[in-house]
Amino acid sequence: MPILKSFNVVTALSGSLLAGFLMAGTAMSAETEDTIKYRHAAMEAMSGHVASFLLIATNKIEAPEFLQSHADALVDLSRQLNLMFPEGSGGEDTHALPAIWEDPEGFSAAVIKMQETASALQLATRAGNKSATMKAFAEAGKSCKGCHEDYREEHDH
Amino acid sequence: MKIIAKNTITRFILLRKKLKPTMSGRGFQRSLLAGLMLGLLFIGTAAADSQQLERGEYLTYAGGCISCHTADNDDAIPLAGGHKLETPFGIFHVPNITPDKETGIGNWSDDDFINAMHEGISPDGKNYFPAFPYASYTGTNEDDVLAIKAYLFSLEPVYQPNEPHELAWYVSRLSVSFWKMLYFSAARFEPDTTRPEQWNRGAYLVRHLGHCGECHTPRNRLGGPDKSRALAGSAKGIEGESVPNITQDKETGIGRWSADDIETFLDFGMLPDGDFTGSDMSAVIDDNTSHLTPEDRQAIAAYLLALPHKQAD
């Protein structure tokens with residue numbers, strides 16, 4: 001019996017260890033999954049603000065009082081960008097390219113450019129200068145495009 | 001502009017003939033007058049030339065020459081070649097088209113340049129591989145082609161030897177003759193008089209100078225364009241990336257885009273949902289469509305909006 005007992009203990013122990021490993025595995029991937037989900041949603045939010053901003057800025061939607069809120073949101077969201085791409089959140093389930101983690105300096109420069117151009121857009125919008133606003137908008141757009149070229153896998157929309 | 005230049009030369013010759021015989025008082029007066037006139041004429045030519053160069057520069061952008069003929073490194077010299085075009089038929093090393101006599105096109109005559117653009121034939125009489133989009137450029141008019149050449153020749157020559165292409169065994173100059181028989185016919189663009197001018201301008205830019213179909217029209221195994229599916233996109237584009245359908249299909253194409261949406265996209269890469277492209281089209285926007293006048297971008301939009309619906313494959 002003692003032999004069997006100890007066998008049981010060993011089985012139980014290794015079983016729980018294994019379960020622990022598995023749990024750790026699933027817990028990790030669930031976290032990554034949520035990171036990717038959040039990142040995707042936040043990016044969609046950014047593009048939503050971009051599209052809304054342009055519709056108002058080009059007078060297609062008569063709601064000048066909302067223009068600033070979209071510019072402000074872009075500034076806020078762009079400040080989160082450095083936190084949205086933690087190490088290990090790449091892989092098959094995301095369009096984020098490995099270059100983000102292989103070339104952290106380049107990526108960080110691209111993020112800073114986004115933050116700066118978004119801030120410039122916010123200021124131009126606040127000042128109410130139409131042509132400066134459109135110029136700043138195009139500059140911010142360029143920083144989105146530039147980053148996508150190097151760090152996002154292109155996919156169908 | 002060409003006509004002015006020709007006239008100038010003829011008048012110059014005539015004047016020289018007149019000037020020759022005398023150096024008397026009257027002759028001197030006459031030569032003074034002639035000199036003045038000559039000077040004015042030269043100013044005229046210079047203005048015409050600078051106008052041609054300006055137009056040539058614009059057309060060089062509109063023709064997409066820069067995105068293909070410039071290497072990918074950040075400090076690459078524009079138009080000096082070195083870009084690698086990786087296709088199912090092998091790797092094409094895009095050549096230097098600066099006016100360097102040894103490694104570029106510095107020795108080319110006007111006819112050489114026209115022949116390349118309209119017929120796909122090199123100055124030494126060989127067929128170009130259709131990776132050089134002469135199947136589209138053949139529709140461009142001669143004035144535009146010569147303006148592009150004048151602009152290219154106004155640039156600093158850059159010594160940069162071309163690398164040989166690395167092609168599949170079955171791809172040769174000979175197979176290009178076969179390809180040309182099947183898929184190429186040399187013909188200039190004829191405006192459709194039943195359509196508005198804007199549509200015609202758009203057709204010229206999309207079909208010929210801007211050669212959009214080279215990527216956006218699917219190709220068969222022989223690399224021939226499937227004209228029945230013009231601009232309907234391709235799941236596996238010539239450079240490997242999937243290329244979107246830009247016909248009016250609402251589901252797989254751009255049937256929900258407005259003219260302004262198209263113009264905005266060609267101007268700075270924004271899609272109607274606020275996303276920004278990072279695809280191969282990004283280089284086309286940077287080096288071609290963003291340099292166009294808003295009118296030309298609108299003309300492209302007008303042409304695309306009038307295309308029939310085609311579903312992507």
(request) Take the range B:132-178 and flag every residue that is under 11 Å from the mean Cα position of the chain (by Cα) and part of a helix (DSSP H, G or I). (result) B:Tyr134, B:Ser136, B:Tyr137, B:Asp144, B:Val145, B:Leu146, B:Ala147, B:Ile148, B:Lys149
(request) Search the range A:121-157 for residues being under 30 Å from A:Thr94 (Cβ atoms) and of a type in the set (Gly, Ala, Ser), and hand back the single one that is farthest from the other protein chains (Cβ to nearest Cβ). (result) A:Ala136
(message) Would you confirm, using the coordinates I've provided, whether A:Thr58 is modelled with pLDDT under 95 and either away from chain B (no Cβ under 14 Å) or in contact with a helix residue (DSSP H, G or I) (Cβ under 6 Å, 6 or more places away or on another chain) (or both)?
(response) no
(message) Going through B:Gly64, B:Gly120 one at a time, which residue ends up being in contact (Cβ under 8 Å) with a residue 40 or more places away in the chain and closer than 21 Å to B:Leu155 by Cα?
(response) B:Gly64
(request) Looking only at the range B:224-269, count how many residues are closer than 27 Å to A:Ala138 by Cα, among the acidic types (Asp, Glu) and in contact (Cβ under 8 Å) with a residue 60 or more places away in the chain. (result) 0
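What are the residues in the range B:110-131 that are within 12 Å of the chain's Cα centre (by Cα) and surrounded by fewer than 20 Cβ atoms within 10 Å (Cβ to Cβ), if any?
B:Ile114, B:His118
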(request) Determine whether the range B:161-177 contains at least one residue that is buried (at least 21 other Cβ atoms within 10 Å of the Cβ), among the β-branched types (Val, Ile, Thr) and closer than 30 Å to B:Pro99 by Cα. (result) no
(request) Mind telling me which of the residues A:Phe53, A:Phe7 ends up being modelled with pLDDT under 55, surrounded by 10 or more Cβ atoms within 10 Å (Cβ to Cβ) and either within 14 Å of another protein chain (Cβ to nearest Cβ) or part of a helix (DSSP H, G or I) (or both)? (result) A:Phe7
(request) With respect to B:Met270, determine if the residue is aliphatic (A, V, I, L, M), within 12 Å of chain A (Cβ to nearest Cβ) and out of contact with any strand residue (DSSP E or B) (no Cβ under 6 Å at 6 or more places or on another chain). (result) no
(request) Output the helices (runs of 4 or more DSSP H) that fall wholly within the range A:64-157 and possess 1 or more residues being in contact (Cβ under 8 Å) with a residue 40 or more places away in the chain, acidic (Asp, Glu) and more than 23 Å from A:Phe53 (Cβ to Cβ), or say none. (result) A:130-151
(request) Scan the range B:187-197 and give yes if some residue there is in contact with a Gly (Cβ under 7 Å, 6 or more places away or on another chain), farther than 27 Å from B:Thr87 by Cβ, modelled with pLDDT of 95 or more and not aliphatic (A, V, I, L, M), otherwise no. (result) yes
(request) With respect to A:Gly141, determine if the residue is under 18 Å from A:Ser47 (Cβ atoms) and either surrounded by fewer than 14 Cβ atoms within 10 Å (Cβ to Cβ) or in contact with a helix residue (DSSP H, G or I) (Cβ under 6 Å, 6 or more places away or on another chain) (or both). (result) yes
(request) Return the residue satisfying two criteria in turn: it lies in the range B:273-290 and is of a type in the set (Gly, Ala, Ser) and within 7 Å of chain A (Cβ to nearest Cβ), and of such residues it is nearest to A:Glu149 (Cα to Cα). (result) B:Gly278
(request) Please work out which one of (1) more than 21 Å from B:Leu271 (Cα to Cα); (2) within 14 Å of chain B (Cβ to nearest Cβ); (3) among the aliphatic types (A, V, I, L, M) is the condition A:Ala63 fails and give its number. (result) (2)
(message) Among the residues in the range A:17-24, are any surrounded by fewer than 17 Cβ atoms within 10 Å (Cβ to Cβ), modelled with pLDDT of 55 or more and of a type outside the set (Val, Ile, Thr)?
(response) no
(request) From the list A:Leu74, A:Leu83, pick out the single residue that is within 14 Å of chain B (Cβ to nearest Cβ) and of a type in the set (A, V, I, L, M). (result) A:Leu74
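The values are calculated or read from the model by the stated rules, or taken from the named source; none is laboratory data. Computed from a predicted structure; not experimentally measured. Cβ: placed from backbone, ideal geometry, glycine included. Neighbour counts: every protein chain shown.
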